[in-house]
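K.L.:
Take a look at this one; I'll ask things after.
Where a number appears in this text, it was derived from the coordinates with a stated rule and is not lab data. Every value quoted in this text rests on a predicted model; they were computed, and no experiment measured them. Backbone-built Cβ (ideal geometry, glycine too); neighbour counts: all protein chains shown.
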Amino acid sequence: ALAESTCKGKPMDLVFIIDSSRSVRPNDYEKMKEFLYSMLTFLDIGPDVTRVGLVQYGSTVNNEFSLKTYNKKADIEKAIREMIHLATGTMTGLALQYTMNVAFTEEEGARPLELNVPRVAMIVTDGRPQDTVDEIAARTRNSGIVIFAVGVGRVDINTLKAMGSRPYEDHVFLVANFSQIEKLPTLFQSKLCDADICSVVDHGCAHICVSSAESYVCKCRTGYTLNPDQKTCSFLKGSCRYFRSGPTLEREPPPPKRNMLLYRPKEGECNDLCAVENHGCEHLCVNVPGSYICQCREGYKLNEDRKTCSIKINSASSEGSQLGIDFCASGDHGCEHYCVNTEDSYVCQCHQGFTLNPDGRTCS
């Protein structure tokens, strides 16, 4: 059973996008309404907490009500009851475009982006779109809107993945029929109400996202300062003290022609020289106490300049020799920070201070 108002005090701008095409049968359309009623059960509706908007679409897009229209749960329920089934086509991409360009504007009741109030779109569909969704869904996500994609029946899972935010296991759902959709509100209750805000929204913090009761803030690792955009970080030059004079963070000749950057933290730690130095390593930079060294990916060897790498010739069987394979060289590995070859494949790794996300490619 759903606990009432477990999202109490949590601000969120939530827009439902409902497939109202002719493939949705009348009794299933009513089940979709029941799903919306159940979702409202645990939301704390109000201008300072959760604002709800509703869009339904077929061949066209109907804005049933916007984020600024209703402040009371009873008024929203009444508007849902009065919705009329469109019973036309399935222009899902058009609905997403409307959601991004209109539904989540401040004019329609969305709170300003700088307030960091989560913007969430939940789309429920039972059919294949008659237009393209990939590009517009990506643009919608990149605008700071989290998309939950719910498919009912014979919906192509790849279409849902093209729409939903990452990771897919948290944002993409497929049920066999509209009778099963009634099981989803309990799941969404935990994801929207109990979840740490930083884990729900596309926060865009370059270093660290810190959740608060009502929103989130971005913070930087020690030795960095938050930029005016409140998202990205810049190295704080005064955060490390040099043991000897001479070196700066400007581009200079590589060691040994200049002194190595040696430091002692003034506050906290400042121990990632690879992140702040113009290290010049062609492949990998590895921190060591007070300095750093360059290393090469598997299949390569470090040249005499201790910076660049050359491919190794591996002695093979009596048939001759063969080149080591660089799986990272193709450039399509998708690693956000750097790619490291293994014996028969590659793995992604992150810079110091970051952790590899479950997707095995991006870093937080």
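K.L.:
Residues with beta-carbon under 13 Å from that of residue 153, excluding residue 153: net charge, scoring Lys, Arg +1 and Asp, Glu -1? Write out the running numbers ahead of the final one.
P.N.:
Numbers: positive: 25, 31, 128, 154; negative: 19, 28, 126, 156.
With Lys, Arg at +1 and Asp, Glu at -1, the net is 0.
K.L.:
Could I have the simple spin-label model distance between residue 78 and residue 225, label points 7 Å from Cα toward Cβ, reported in nm to one decimal?
P.N.:
Between residue 78 and residue 225, the simple spin-label model gives 5.4 nm.
K.L.:
Pairs 161/307; 10/78; 78/231; 31/231; 33/161: which exceed 32 Å Cα-Cα?
P.N.:
Result: 161/307; 78/231; 31/231 exceed 32 Å.
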